[in-house]
Amino acid sequence: MTNVILSPREKTKKVLTAEFTKGWFEYEASYDGVLLNIDTAGARLLGFSSPDDMLGKKINELYAHPYDHEKTLSMLFRDGKVNGFFTLMKGMDDNLVFIKQSSTLITDEYYHLPLKVQTSFEISHTL
């Protein structure tokens, strides 16, 4: 049997993924929309200590591959929702987190203009 020594970063990641597996966030419905809200579990899954550390960040900067965000927006504007889309997100210190996301486009009642996007996600794998 071999003993594996984990770095402090790996220990933290292991604890976070064991403690939290799901989170949610909201952002402005545009390519460079800013993050409006995120729950504590979501912030911690992405390596941040609190939701306040993430508010105001541009959502497209959190996607490891910007085209994944464009695909998400395209599906949202076409269908109004996205279910089970796998993507790679960038967390604190550019750590990569593979997530499964489900998103809904929130529109105003009168003109049906896009206001914001609500996304729930679950961690699939940390890299």
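Observations on the structure shown:
- A search for C-beta distances below 9 Å between a residue of segment 28-49 that is among the charged types (D, E, K, R) and any residue that is in a loop (DSSP other than H, G, I, E, B), counting only pairs 6+ apart in sequence or on different chains, returns Arg44/Phe20; Arg44/Ser50.
- Within segment 25-35, being in contact with a strand residue (DSSP E or B) (Cβ under 6 Å, 6 or more places away or on another chain) and either in a loop (DSSP other than H, G, I, E, B) or polar (S, T, N, Q) (or both) holds for Ala29, Asp32, Gly33.
- Residues in segment 36-93 that are part of a strand (DSSP E or B) and of a type in the set (A, V, I, L, M, F, W, C): Leu36, Ile38, Val82, Phe85, Phe86, Leu88, Met89.
All of the numbers you see were taken from the coordinates with simple rules; none came from a lab. Since the structure is predicted, the reported quantities are computational estimates derived from the model, not experimental observations. A quick note on method: Cβ atoms are made from the backbone with ideal geometry, for glycine too, and the neighbour counts reach across all protein chains shown.
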